[in-house]
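Working notes, beginning with the structure itself.
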Amino acid sequence: MPSTPSREARARDLASSRRRPNADAARSRAAQCLAALADSERLAVLSWLVLNAERAGSTLLTDCAAALRLDIDVVRDAVSRLVAVQLLRREGRTMTVDVEVIRKVVAHLDENTTGERLAREFPRTAGLFSHGRLVRLPETRPVQAELSAALATLFEFGRAYAETDVDEVVRVVHDDHASLRRLLVDHGHLTRERSVYVRTEPAGEPR
(Lines give C-alpha, C1' and ligand atoms only; values in the text may rest on other atoms or scores of the structure.)
Protein backbone atom coordinates (compact mmCIF):
# COMPACT_ATOMS: atom_id res chain seq x y z
CA MET A 1 0.00 0.00 0.00
CA PRO A 2 1.36 3.46 -0.84
CA SER A 3 2.22 5.62 2.15
CA THR A 4 0.33 8.79 2.98
CA PRO A 5 2.12 11.88 1.65
CA SER A 6 3.50 14.31 4.21
CA ARG A 7 2.05 17.78 4.67
CA GLU A 8 5.16 19.30 3.08
CA ALA A 9 4.92 16.98 0.08
CA ARG A 10 1.24 17.82 -0.41
CA ALA A 11 2.02 21.54 -0.17
CA ARG A 12 4.81 21.17 -2.71
CA ASP A 13 2.57 19.29 -5.10
CA LEU A 14 -0.12 21.94 -4.77
CA ALA A 15 2.37 24.71 -5.47
CA SER A 16 3.68 22.80 -8.47
CA SER A 17 0.22 22.59 -9.99
CA ARG A 18 -0.50 26.31 -9.79
CA ARG A 19 -0.02 28.35 -12.91
CA ARG A 20 1.67 31.69 -12.90
CA PRO A 21 -0.93 34.40 -13.66
CA ASN A 22 0.73 35.46 -16.91
CA ALA A 23 1.60 31.97 -18.15
CA ASP A 24 -1.19 31.78 -20.71
CA ALA A 25 -0.44 35.26 -22.06
CA ALA A 26 3.26 34.44 -22.33
CA ARG A 27 2.58 31.21 -24.20
CA SER A 28 0.15 33.00 -26.50
CA ARG A 29 2.67 35.67 -27.39
CA ALA A 30 5.40 33.11 -27.94
CA ALA A 31 3.08 31.15 -30.24
CA GLN A 32 2.24 34.30 -32.21
CA CYS A 33 5.91 35.11 -32.73
CA LEU A 34 6.77 31.58 -33.80
CA ALA A 35 3.77 31.48 -36.14
CA ALA A 36 4.93 34.73 -37.73
CA LEU A 37 8.34 33.17 -38.35
CA ALA A 38 6.90 29.89 -39.65
CA ASP A 39 6.73 31.35 -43.14
CA SER A 40 9.72 31.35 -45.48
CA GLU A 41 8.95 34.74 -47.02
CA ARG A 42 8.48 36.51 -43.68
CA LEU A 43 11.63 34.86 -42.37
CA ALA A 44 13.54 36.00 -45.47
CA VAL A 45 12.27 39.57 -45.05
CA LEU A 46 13.23 39.62 -41.36
CA SER A 47 16.69 38.23 -42.15
CA TRP A 48 17.25 40.82 -44.87
CA LEU A 49 16.26 43.62 -42.52
CA VAL A 50 18.64 42.29 -39.86
CA LEU A 51 21.51 42.27 -42.36
CA ASN A 52 20.61 45.73 -43.62
CA ALA A 53 19.81 47.33 -40.29
CA GLU A 54 21.79 50.47 -41.10
CA ARG A 55 19.68 51.25 -44.16
CA ALA A 56 16.67 53.56 -44.10
CA GLY A 57 14.54 55.52 -46.50
CA SER A 58 11.45 55.35 -48.62
CA THR A 59 12.95 52.66 -50.86
CA LEU A 60 13.75 50.25 -48.03
CA LEU A 61 10.90 47.83 -48.76
CA THR A 62 11.41 48.15 -52.51
CA ASP A 63 15.08 47.31 -52.06
CA CYS A 64 14.12 44.35 -49.88
CA ALA A 65 11.66 43.08 -52.49
CA ALA A 66 14.24 43.41 -55.25
CA ALA A 67 16.97 41.68 -53.25
CA LEU A 68 14.70 38.77 -52.34
CA ARG A 69 12.90 38.68 -55.69
CA LEU A 70 9.55 39.03 -53.98
CA ASP A 71 6.50 41.04 -54.93
CA ILE A 72 6.41 44.34 -53.03
CA ASP A 73 2.95 43.49 -51.64
CA VAL A 74 4.35 40.26 -50.20
CA VAL A 75 7.08 42.25 -48.46
CA ARG A 76 4.59 44.79 -47.12
CA ASP A 77 2.37 42.01 -45.77
CA ALA A 78 5.37 40.34 -44.15
CA VAL A 79 6.45 43.59 -42.52
CA SER A 80 2.92 44.27 -41.25
CA ARG A 81 2.77 40.84 -39.61
CA LEU A 82 6.23 41.19 -38.07
CA VAL A 83 5.35 44.62 -36.69
CA ALA A 84 2.09 43.24 -35.27
CA VAL A 85 3.96 40.65 -33.20
CA GLN A 86 6.59 43.27 -32.25
CA LEU A 87 9.49 41.53 -33.95
CA LEU A 88 9.90 44.70 -36.00
CA ARG A 89 9.66 48.31 -34.88
CA ARG A 90 8.76 50.89 -37.48
CA GLU A 91 10.27 54.29 -36.71
CA GLY A 92 9.60 56.67 -39.57
CA ARG A 93 11.49 55.26 -42.54
CA THR A 94 13.58 52.95 -40.40
CA MET A 95 12.85 49.31 -39.56
CA THR A 96 14.45 47.93 -36.42
CA VAL A 97 14.48 44.23 -35.60
CA ASP A 98 13.75 43.75 -31.89
CA VAL A 99 15.90 40.77 -30.94
CA GLU A 100 14.88 41.24 -27.30
CA VAL A 101 11.41 39.98 -28.22
CA ILE A 102 12.99 36.77 -29.53
CA ARG A 103 14.95 36.40 -26.28
CA LYS A 104 11.75 36.84 -24.31
CA VAL A 105 10.00 34.20 -26.42
CA VAL A 106 12.78 31.73 -25.63
CA ALA A 107 12.61 32.66 -21.94
CA HIS A 108 8.83 32.22 -21.84
CA LEU A 109 9.06 28.83 -23.53
CA ASP A 110 11.82 27.76 -21.15
CA GLU A 111 10.07 28.77 -17.95
CA ASN A 112 6.89 26.96 -18.92
CA THR A 113 8.57 23.60 -19.46
CA THR A 114 8.31 20.87 -16.85
CA GLY A 115 12.09 20.74 -16.52
CA GLU A 116 12.45 24.45 -15.82
CA ARG A 117 9.66 24.28 -13.25
CA LEU A 118 11.42 21.43 -11.47
CA ALA A 119 14.73 23.32 -11.56
CA ARG A 120 13.10 26.35 -9.93
CA GLU A 121 11.40 24.33 -7.20
CA PHE A 122 14.41 22.08 -6.52
CA PRO A 123 17.37 24.49 -6.86
CA ARG A 124 20.10 21.89 -6.43
CA THR A 125 18.99 20.36 -9.74
CA ALA A 126 19.15 23.64 -11.69
CA GLY A 127 22.57 22.94 -13.17
CA LEU A 128 21.32 19.65 -14.60
CA PHE A 129 18.75 21.26 -16.91
CA SER A 130 19.03 23.25 -20.12
CA HIS A 131 15.92 24.57 -21.88
CA GLY A 132 13.77 22.22 -19.85
CA ARG A 133 15.72 19.03 -20.58
CA LEU A 134 18.09 17.11 -18.36
CA VAL A 135 21.50 17.39 -19.98
CA ARG A 136 23.35 15.34 -17.39
CA LEU A 137 22.60 13.07 -14.47
CA PRO A 138 23.94 13.97 -11.01
CA GLU A 139 26.96 12.19 -9.59
CA THR A 140 26.59 13.01 -5.89
CA ARG A 141 24.03 11.31 -3.71
CA PRO A 142 22.44 14.52 -2.29
CA VAL A 143 21.76 15.90 -5.77
CA GLN A 144 20.56 12.49 -6.95
CA ALA A 145 18.09 12.48 -4.05
CA GLU A 146 16.94 16.01 -4.92
CA LEU A 147 16.42 15.06 -8.57
CA SER A 148 14.48 11.99 -7.50
CA ALA A 149 12.28 14.15 -5.24
CA ALA A 150 11.72 16.55 -8.14
CA LEU A 151 10.75 13.78 -10.56
CA ALA A 152 8.47 12.24 -7.94
CA THR A 153 6.21 15.30 -8.14
CA LEU A 154 5.27 14.18 -11.66
CA PHE A 155 3.56 11.10 -10.22
CA GLU A 156 0.26 10.80 -8.35
CA PHE A 157 -0.07 9.15 -4.97
CA GLY A 158 -2.38 6.14 -4.93
CA ARG A 159 -2.05 5.40 -8.64
CA ALA A 160 -0.46 2.26 -10.05
CA TYR A 161 1.92 2.82 -12.97
CA ALA A 162 3.05 0.24 -15.47
CA GLU A 163 6.70 0.48 -16.46
CA THR A 164 5.75 2.03 -19.79
CA ASP A 165 3.70 4.65 -17.93
CA VAL A 166 6.69 5.58 -15.77
CA ASP A 167 8.83 5.85 -18.89
CA GLU A 168 6.31 8.17 -20.52
CA VAL A 169 6.20 10.45 -17.47
CA VAL A 170 9.97 10.89 -17.10
CA ARG A 171 10.62 11.13 -20.84
CA VAL A 172 9.32 14.70 -20.68
CA VAL A 173 12.70 15.68 -19.21
CA HIS A 174 15.10 12.96 -20.42
CA ASP A 175 15.14 10.06 -22.86
CA ASP A 176 17.12 7.76 -20.55
CA HIS A 177 13.98 6.64 -18.76
CA ALA A 178 15.61 3.48 -17.42
CA SER A 179 18.17 5.49 -15.41
CA LEU A 180 15.49 7.82 -14.06
CA ARG A 181 13.26 4.89 -13.15
CA ARG A 182 16.11 3.33 -11.16
CA LEU A 183 16.83 6.68 -9.52
CA LEU A 184 13.24 7.00 -8.31
CA VAL A 185 13.22 3.45 -6.94
CA ASP A 186 16.68 3.71 -5.34
CA HIS A 187 15.67 6.85 -3.44
CA GLY A 188 12.34 5.47 -2.34
CA HIS A 189 10.07 7.78 -4.32
CA LEU A 190 8.68 4.86 -6.30
CA THR A 191 8.24 1.28 -5.14
CA ARG A 192 8.03 -1.61 -7.56
CA GLU A 193 6.15 -4.86 -7.26
CA ARG A 194 5.75 -7.16 -10.27
CA SER A 195 6.41 -4.36 -12.76
CA VAL A 196 3.83 -2.10 -11.08
CA TYR A 197 5.11 1.16 -9.63
CA VAL A 198 3.47 3.38 -7.00
CA ARG A 199 4.64 6.67 -5.59
CA THR A 200 5.79 6.66 -1.98
CA GLU A 201 7.11 9.22 0.47
CA PRO A 202 10.55 8.16 1.74
CA ALA A 203 11.86 9.18 5.13
CA GLY A 204 14.45 11.92 5.16
CA GLU A 205 13.71 13.62 1.84
CA PRO A 206 16.29 16.26 0.89
CA ARG A 207 15.48 19.82 1.90
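The figures follow:
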{"quantity": "Residue check, Ala78 more than 25 Å from the chain's Cα centre (by Cα) and assigned to a helix (DSSP H, G or I)", "calculated": "yes"}
{"quantity": "The stretch 89-102 residues that are outside any strand (DSSP E or B), paired with ones that are exposed (fewer than 13 other Cβ atoms within 10 Å of the Cβ) (beta carbon under 8 Å, 6 or more apart)", "calculated": "Arg93/Gly57; Arg93/Ser58"}
{"quantity": "Output for the stretch 103-116, where each listed residue is touching a residue at least 60 places away in the same chain (Cβ under 8 Å) and not in a helix (DSSP H, G or I)", "calculated": "Asn112"}
{"quantity": "Index of the failed condition, His131 passing every other in (1) on the phi > 0 side of the Ramachandran plot; (2) touching a strand residue (DSSP E or B) at 6+ places or on another chain (Cβ under 7 Å); (3) not β-branched (Val, Ile, Thr)", "calculated": "(2)"}
{"quantity": "Filter pass, Val75 being touching a helix residue (DSSP H, G or I) at 6+ places or on another chain (Cβ under 8 Å) and either of a type in the set (Asp, Glu) or under 21 Å from Ala38 (Cβ atoms) (or both)", "calculated": "yes"}
{"quantity": "Any chance Ala119 is buried (at least 18 other Cβ atoms within 10 Å of the Cβ), in contact with a Ser or Thr (Cβ under 9 Å, 6 or more places away or on another chain), hydrophobic (A, V, I, L, M, F, W, C) and in contact (Cβ under 8 Å) with a residue 40 or more places away in the chain", "calculated": "no"}
{"quantity": "Members of the stretch 160-182 found to be surrounded by 21 or more Cβ atoms within 10 Å (Cβ to Cβ) and within 22 Å of Ala126 (Cα to Cα), listed by number", "calculated": "Val170, Val173, Leu180"}
{"quantity": "The stretch 127-159, residues that are surrounded by 15 or more Cβ atoms within 10 Å (Cβ to Cβ) and of a type in the set (Gly, Ala, Ser)", "calculated": "Gly132, Ala145, Ser148, Ala149, Ala150, Ala152"}
{"quantity": "Unique residue being of a type in the set (Lys, Arg), surrounded by 11 or more Cβ atoms within 10 Å (Cβ to Cβ) and at pLDDT below 90 when the list is Arg42, Arg19, Arg76, Arg89", "calculated": "Arg89"}
{"quantity": "Flag for Ser148 being part of a helix (DSSP H, G or I) and either acidic (Asp, Glu) or under 15 Å from Leu118 (Cα atoms) (or both)", "calculated": "yes"}
{"quantity": "Filtered residue count, the stretch 49-59, keeping only those that are over 11 Å from Met95 (Cα atoms) and either surrounded by 14 or more Cβ atoms within 10 Å (Cβ to Cβ) or among the β-branched types (Val, Ile, Thr) (or both)", "calculated": "1"}
{"quantity": "Selection from the stretch 188-202 of residues that are crowded, with 18+ Cβ neighbours inside 10 Å, of a type in the set (Ser, Thr, Tyr) and not in a strand (DSSP E or B)", "calculated": "Thr200"}
{"quantity": "Any chance Val85 is in the same structural domain as Ala31 (by TED's automatic domain parsing), within 22 Å of Ala31 (Cα to Cα) and touching a Cys at 6+ places or on another chain (Cβ under 6 Å)", "calculated": "yes"}
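The values are calculated or read from the model by the stated rules, or taken from the named source; none is laboratory data. None of the values given here were measured: they were computed from a predicted structure. Cβ atoms come from the backbone with ideal geometry, glycine included; neighbour counts cover every protein chain shown.
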